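The values are calculated or read from the model by the stated rules, or taken from the named source; none is laboratory data. Here the structure is a predicted model, which is why all the values come from computation and not from measurement. Don't worry about glycine lacking a Cβ; one is built from the backbone with ideal geometry, like all the others, and counts go over all protein chains shown.
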Amino acid sequence: MEISEPLSAKDVKFDQSADVIVVGMGVAGACAAVEAHEAGADVLVIERTSGGGGSSAMAGGYVYFGGGTRVQKANGFDDTVEDMFNYIMAVTPEPNAEKIRLYCDNSVAHFDWMERQGVPFNDRFFPGKDPEHPTDETLSWTGNEDAWPFSEIAKPVPRGHKIGVNGAAAYAMMNALIATVKRIGIRVEFDSAVNALVCDDSGRIVGVRYRQFDEIHYAEARKGVVLTTGGFVWNRELIDQYTPNMALEGVIPHGAPTSDGAGHQLGMSVGGSLMNMAATMISIPIYAPESRIKGILVNKNGQRFINEDTYHGRATAFAMQQPDMVAYLICDAPSFGERNGYEALIDAWETVAEMEHDLGIPEGALQKTLAVYNENAARGQDPDFHKAAKYLTPLAEPPFAAVNITLGPVSAQGLTQGGLTTTADAQVLDEAGRIIPGLYAAGATASNIAKDSAGYASGFMIGESSYFGRRAGAHAARVR
């Protein structure tokens, strides 16, 4: 979508107005709209599609909550705000301590708020490791909390809170939030694409221009405009300019067709700065079944490079740092288990030497790596990478299988994580770090907590999008 330069309020005639205009109705937009309404503002949502939901509705449905939610307590997990804070700070590259502190301090209250909007959670726990468990249990492990080195930094506690329906569940969250928007009477203009911001003489953002089918409209925002249009996975120009990993062979953009960077471009059109634009979330699952964590990840030289019980996004990030980005998961018969339907199995061999030869690994290298690993695993130890003891067992029972973890031959979904630079209240900043009055951004349109695959946990994006969407709506509503 083509975004125009900002318009002067003197040159337009508004045909409607609101205190707060929210652009987009994914999870960030819906939460911003509800929070602004609860704070007493008259709210208008302008949504590009016919029903809302965006990329949020396509997600697995995990929300990252912690600090002692009802679900954690019901399953006997004693989480604290400090452990949650310490974990996120440790796992996040260049962490924003202010935003992370607010997110953690308010996590339990945010969970309660989401439930009050009708988002369904239950009190059950899924104990295994699965990139997206197919059943409806809410609580599960969705990050690196129980993996080294983070397990030594903060007490390991599961914080992934999946929407309580079977399978990919975020649609149920969006159904609930959109129903709340409708129930409380927030106005929504569907099939409407915002293509320009409107400024007054001081540079304050005071409205938007949008196209609805063949008609052009102008809407006044008396207090603020909140941009929540999603990421930019479908904008090739922005991908080529900022995010080289998204252009790699095998990366499949994951997001609604409207995730084309419209909000990023709107923000830039009035001087908004961008940050973390190279960051992506790209993941090739090495499990399920969970037994595959007992295998070892090796590069083209037959060398291990990470503890295999780490989050699959982190494993993929480390795999992409290996020579030629080549990586394999090596399993024996018991650890391989059943086919999962999406792994890229290369083959199976009766001996490690045959596997090594056929994979083109230097002669003896994989055999040595596996011999050392098996010797240590037999003692319940992993001195090189500290994989948890419950996943340590010698890999000795043929046939031996190799699963490809190489991007290119293997496809993986990719998300963008960079966006507009914002304050803790979601106010957009310019290149000099100054607030652009009247302009807010949240969700994948802004850069908040999630920074890259290596530090990601399933639930970060919906968690931060919903939380900072609420902060945007609340702050905009308070403007005088």
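Odds and ends about this structure:
- Considering residues of the stretch 188-205 that are touching a Gly at 6+ places or on another chain (Cβ under 6 Å) and within 23 Å of residue 40 (Cβ to Cβ) only, the residue surrounded by the fewest Cβ atoms within 10 Å (Cβ to Cβ): 204
- Residues of the stretch 134-152 satisfying the condition of being in contact (Cβ under 8 Å) with a residue 40 or more places away in the chain and part of a loop (DSSP other than H, G, I, E, B): 138, 142, 143, 144, 145, 146, 147, 148, 149
- Test for residue 267: is it touching a residue at least 12 places away in the same chain (Cβ under 8 Å), farther than 30 Å from residue 367 by Cβ, surrounded by 22 or more Cβ atoms within 10 Å (Cβ to Cβ) and out of contact with any Ser or Thr (no Cβ under 6 Å at 6 or more places or on another chain): yes
- From the list 108, 119, the lone residue that is in a helix (DSSP H, G or I), of a type outside the set (Asp, Glu) and either within 19 Å of the chain's Cα centre (by Cα) or outside the structural domain of residue 449 (by TED's automatic domain parsing) (or both) is 108.
- Residues (assigned to a loop (DSSP other than H, G, I, E, B) and either aromatic (Phe, Trp, Tyr) or within 13 Å of residue 415 (Cα to Cα) (or both)) located in the stretch 208-240: 213, 230, 231, 232, 233, 234, 235
- Matching entry among 443, 473, 418, 463 (being at positive phi and at pLDDT 95 or above): 443
- Of the strands (runs of 3 or more DSSP E) entirely within the stretch 404-443, those holding at least 2 residues that are more than 20 Å from the chain's Cα centre (by Cα) and of a type in the set (A, V, I, L, M, F, W, C) occupy 427-429, 435-441.
Each row is one residue, and each column tells you yes or no for (1) buried (at least 17 other Cβ atoms within 10 Å of the Cβ); (2) in contact with a His (Cβ under 6 Å, 6 or more places away or on another chain); (3) in the same structural domain as residue 268 (by TED's automatic domain parsing); (4) assigned to a helix (DSSP H, G or I).
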site: 1; (1), (2), (3), (4): no, no, no, no
site: 25; (1), (2), (3), (4): yes, no, yes, no
site: 41; (1), (2), (3), (4): yes, no, yes, no
site: 50; (1), (2), (3), (4): no, no, yes, no
site: 76; (1), (2), (3), (4): no, no, no, no
site: 79; (1), (2), (3), (4): yes, no, no, no
site: 100; (1), (2), (3), (4): yes, no, no, yes
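- Number of positions in the stretch 241-288 that are assigned to a helix (DSSP H, G or I) and over 19 Å from residue 413 (Cβ atoms): 9
- Residues considered: 126, 213, 190. Of these, the only one that is in contact (Cβ under 8 Å) with a residue 12 or more places away in the chain and in contact with a His (Cβ under 6 Å, 6 or more places away or on another chain) is 126.
- For the stretch 270-305, taking the residues that are small (Gly, Ala, Ser) and within 19 Å of residue 327 (Cα to Cα), the one that is nearest to the chain's Cα centre (by Cα) is identified as 283.
- Enumeration of residues in the stretch 131-171 that are buried (at least 19 other Cβ atoms within 10 Å of the Cβ) and of a type in the set (A, V, I, L, M): 139, 147, 154, 157, 163, 169, 170
- Residue tally, condition within 18 Å of residue 4 (Cβ to Cβ), under 25 Å from the mean Cα position of the chain (by Cα) and surrounded by fewer than 24 Cβ atoms within 10 Å (Cβ to Cβ), over the stretch 206-245: 3
- Given (1) buried (at least 22 other Cβ atoms within 10 Å of the Cβ); (2) part of a loop (DSSP other than H, G, I, E, B), number of the condition residue 382 does not satisfy: (1)
Yes or no, residue by residue, for (1) buried (at least 16 other Cβ atoms within 10 Å of the Cβ); (2) in contact (Cβ under 8 Å) with a residue 60 or more places away in the chain; (3) in contact with a strand residue (DSSP E or B) (Cβ under 7 Å, 6 or more places away or on another chain); (4) assigned to a strand (DSSP E or B):
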position	(1), (2), (3), (4)
338	no, no, no, no
341	no, no, no, no
348	yes, no, yes, yes
353	no, no, no, no
357	no, no, no, no
362	no, yes, no, no
366	yes, yes, yes, no
371	no, no, no, no
375	no, no, no, no
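- The residue list 282, 296 contains one member that is within 30 Å of residue 374 (Cβ to Cβ), buried (at least 22 other Cβ atoms within 10 Å of the Cβ) and either hydrophobic (A, V, I, L, M, F, W, C) or without any contact (Cβ under 8 Å) to a residue 40 or more places away in the chain (or both), which is 296.
- Among the residues examined, residue 393 qualifies as within 33 Å of the chain's Cα centre (by Cα), closer than 20 Å to residue 309 by Cβ, modelled with pLDDT of 95 or more and not in a strand (DSSP E or B).
- Some residue of the stretch 296-307 being closer than 20 Å to residue 24 by Cβ, touching a Phe, Trp or Tyr at 6+ places or on another chain (Cβ under 7 Å) and among the hydrophobic types (A, V, I, L, M, F, W, C): no
- Residue 324, sole failed condition from (1) at pLDDT below 95; (2) surrounded by fewer than 17 Cβ atoms within 10 Å (Cβ to Cβ); (3) within 22 Å of residue 453 (Cα to Cα): (1)
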